[in-house]
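Let me begin by presenting the structure, written as structure tokens, before commenting on it.
The values are calculated or read from the model by the stated rules, or taken from the named source; none is laboratory data. Given the structure is predicted, the values throughout are model-derived calculations rather than measurements. Ideal geometry is used to build each Cβ from the backbone, glycine not excepted, and the neighbour counts take in all protein chains shown.
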Amino acid sequence: MRVISVEPLQCSNGWETWTFVRAATDDGRVGYGECSDWQMPRGLAGAVRDLAVEVVGRDPRQVAALTDDMAARMRQNVGGLARKALAGIEAALWDLKGQALGAPIVELLGGPTRERIRVYWSHCGSYRARHAEVLGTPPLDSWDALAALGREAARRGYTALKTNPLRPGDPAYFARPPDGNLERGDLAVIVRQIETLRAAAGPDVDICLDLNFRYRPAAVIQIARALEPCELFWLEYDSYDPQALAHVRRSIRTPLCSGENLTAVHDYARFFQAGAMDVAMVDVAWNGIAQSLHVAELAKAHEVQVAPHNYYSHVSTWMCAHVAAAVSNLRIMEIDVDAAPWRDALVSAVPRIEHGWMIPAWTPGLGTQLDEDVLHAHPPPIT
């Protein structure tokens with residue numbers, strides 16, 4: 001069994017680009033992985049091609065050895081697009097190995113620790129505010145529309161949701177200050193937004209607020225303290241400075257989630273040692289399946305829970321599910337409910353979500369395959 005080709009495949013998700021890896025073998029098998037990066041899809045596709053030379057002609061079942069060789073090739077370009085490309089190829093290799101052995105990837109990782117995976121509705125309101133026409137959803141053009149969305153999330157059985165700082169409208173306003181400072185008006189908008197979702201979704205739905213890199217630490221602390229009555233599930237904030245993030249964590253009562261921007265164990269190690277987060281957001285499509293498992297084990301050693309970062313296609317959701325099922329320190333898993341109308345048609349097996357939980361039906365390998373005809377019918381919005 002030898003790999004005969006490794007290539008990137010890309011398509012539109014409605015407004016940005018999904019990036020996949022397709023690996024084929026000489027016995028007719030095809031494995032898939034995902035490593036989507038919305039900001040630099042051209043560079044990502046090129047990185048996949050650069051690393052493919054380490055894999056073609058070799059046995060795909062030697063996942064660890066092939067991953068080490070790809071890592072050696074990118075040793076002067078650690079992290080970033082190179083790491084993401086490696087992660088996509090590695091997932092395709094795991095898929096091929098699982099198919100060859102007749103076992104789902106989770107079994108190759110030691111077997112599942114749970115029968116179902118709690119998920120949260122991510123970007124709740126954020127996508128509708130920008131892309132309602134593509135999504136075929138009601139626009140988020142008023143506070144009443146935001147309240148209706150909160151009720152919808154609860155009605156559809158989701159026990160948790162996450163949103164970004166925004167004010168509904170036509171167009172909606174997203175708080176993204178270039179200097180990272182918090183203006184009084186923006187704080188009022190954020191408080192009203194979370195209070196609106198809390199009142200609409202009810203007391204039993206957990207709410208997360210994702211601040212990404214929007215604010216400086218002092219502003220994050222101010223936001224967290226203002227939102228204490230809303231009892232957030234977590235406040236999500238990203239920083240490349242472990243000490244700054246640790247300062248934020250020590251200064252607030254709300255659990256702090258971070259790390260979606262980090263790749264590889266050595267990156268996370270600095271933040272765990274600093275005591276910088278309560279929940280580590282781990283992007284499986286950027287770290288790779290095995291690396292994500294290593295991050296989860298290191299997090300466990302520091303009493304930190306993990307939550308897979310997943311705002312891509314169903315290929316990524318399956319990748320995340322194998323990791324989420326295998327680890328013992330899972331907090332919850334991200335999933336986008338609002339997505340391109342063709343997302344389900346893009347794969348052979350759609351994740352089964354019931355009452356806010358993913359119920360995996362494990363099959364050999366990844367558990368799903370791309371429909372490449374659907375993929376090519378939706379070319380990426382890049383030239």
Which pairs do you get when a residue that is without any contact (Cβ under 8 Å) to a residue 12 or more places away in the chain and closer than 15 Å to residue 24 by Cα, found in the stretch 50-67, comes within reach of a residue that is surrounded by 19 or more Cβ atoms within 10 Å (Cβ to Cβ) and polar (S, T, N, Q), reach meaning Cβ atoms under 9 angstrom, with the pair 6+ apart or on two chains? none
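Residues checked against (1) touching a residue at least 40 places away in the same chain (Cβ under 8 Å); (2) closer than 25 Å to residue 238 by Cβ; (3) surrounded by 19 or more Cβ atoms within 10 Å (Cβ to Cβ):
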{"residue": "106", "(1), (2), (3)": "yes, no, yes"}
{"residue": "113", "(1), (2), (3)": "yes, no, no"}
{"residue": "127", "(1), (2), (3)": "yes, yes, yes"}
{"residue": "137", "(1), (2), (3)": "yes, no, no"}
{"residue": "144", "(1), (2), (3)": "no, no, no"}
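Can you go through 129, 82, 87, 145 and tell me which one is part of a helix (DSSP H, G or I) and within 20 Å of residue 30 (Cβ to Cβ)? Steps first, please.
Details: 129 fails: within 20 Å of residue 30 (Cβ to Cβ); 82 fails: within 20 Å of residue 30 (Cβ to Cβ); 145 fails: within 20 Å of residue 30 (Cβ to Cβ).
Just one listed residue meets the conditions, 87.
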Across (1) surrounded by fewer than 21 Cβ atoms within 10 Å (Cβ to Cβ); (2) within 17 Å of residue 35 (Cα to Cα), residue 75 clears everything bar (2)
Scanning the stretch 146-156 for residues that are charged (D, E, K, R) and either touching a residue at least 12 places away in the same chain (Cβ under 8 Å) or at positive phi (or both), which turns out surrounded by the most Cβ atoms within 10 Å (Cβ to Cβ)? 151
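Whether any residue in the stretch 240-256 is within 15 Å of residue 306 (Cα to Cα), modelled with pLDDT of 95 or more and touching a helix residue (DSSP H, G or I) at 6+ places or on another chain (Cβ under 8 Å) is what I want to check.
First, the residues of the stretch 240-256 that are within 15 Å of residue 306 (Cα to Cα): 255-256.
Those left that are additionally modelled with pLDDT of 95 or more: 255-256.
From what's left, touching a helix residue (DSSP H, G or I) at 6+ places or on another chain (Cβ under 8 Å): 256.
There is at least one residue in the stretch 240-256 that is within 15 Å of residue 306 (Cα to Cα), modelled with pLDDT of 95 or more and touching a helix residue (DSSP H, G or I) at 6+ places or on another chain (Cβ under 8 Å).
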Taking the stretch 334-357 as the search range and keeping residues that are of a type in the set (A, V, I, L, M) and surrounded by fewer than 21 Cβ atoms within 10 Å (Cβ to Cβ), which one is farthest from residue 379 (Cα to Cα)? 353
Looking at residue 248, is it among the β-branched types (Val, Ile, Thr) and within 21 Å of residue 124 (Cα to Cα)? no
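Quick one: in the stretch 22-38, which of the residues that are farther than 22 Å from residue 102 by Cβ and of a type in the set (A, V, I, L, M, F, W, C) is modelled with the lowest pLDDT? Reasoning before the result, please.
Initial filter on the stretch 22-38 (farther than 22 Å from residue 102 by Cβ): 34-38.
After this cut, where a residue has to be of a type in the set (A, V, I, L, M, F, W, C) as well, the list is 35, 38.
Values: 35: 98, 38: 93.
Among them, the one singled out is 38.
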For the condition surrounded by fewer than 21 Cβ atoms within 10 Å (Cβ to Cβ), closer than 20 Å to residue 124 by Cβ and touching a residue at least 12 places away in the same chain (Cβ under 8 Å), what is the one hit in 159, 163? 159
Any idea which residue in the stretch 17-50 is surrounded by the most Cβ atoms within 10 Å (Cβ to Cβ), counting only those that are under 19 Å from the mean Cα position of the chain (by Cα) and part of a strand (DSSP E or B)? 33
Could you pull out the residue among 85, 92, 71 that is in contact with a helix residue (DSSP H, G or I) (Cβ under 9 Å, 6 or more places away or on another chain) and within 26 Å of residue 330 (Cα to Cα)? 85
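Per-residue answers, yes or no, for (1) in the same structural domain as residue 255 (by TED's automatic domain parsing); (2) farther than 21 Å from residue 124 by Cβ; (3) touching a Phe, Trp or Tyr at 6+ places or on another chain (Cβ under 6 Å):
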site: 296; (1), (2), (3): yes, yes, no
site: 300; (1), (2), (3): yes, yes, no
site: 303; (1), (2), (3): yes, yes, no
site: 308; (1), (2), (3): yes, no, no
site: 313; (1), (2), (3): yes, no, yes
site: 316; (1), (2), (3): yes, no, no
site: 323; (1), (2), (3): yes, yes, no
site: 330; (1), (2), (3): yes, no, no
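Got a sec? Which helices (runs of 4 or more DSSP H) wholly within the stretch 233-333 have at least 3 residues that are surrounded by fewer than 21 Cβ atoms within 10 Å (Cβ to Cβ) and of a type in the set (Gly, Ala, Ser)? If you could, list the steps in order and put the result at the bottom.
On the way: elements: 242-251, 265-273, 284-287, 289-301, 314-326.
Passing ranges, in order: 242-251.
Considering only residues of the stretch 1-16 that are of a type outside the set (Phe, Trp, Tyr), part of a loop (DSSP other than H, G, I, E, B) and under 22 Å from the mean Cα position of the chain (by Cα), which is nearest to residue 314 (Cα to Cα)? Quick ask: steps written out before the conclusion?
Restricting attention to the stretch 1-16, the residues satisfying the condition of being of a type outside the set (Phe, Trp, Tyr) are 1-14, 16.
Add one more test, that the residue is part of a loop (DSSP other than H, G, I, E, B), and what stays is 1-2, 13-14, 16.
Narrowing the set further to residues that are under 22 Å from the mean Cα position of the chain (by Cα) leaves 13-14, 16.
Details: 13: 11, 14: 15, 16: 15 Å.
Out of the qualifying residues, it is 13.
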What single numbered condition from (1) touching a residue at least 24 places away in the same chain (Cβ under 8 Å); (2) under 20 Å from residue 336 (Cβ atoms) fails to hold for residue 195? (2)
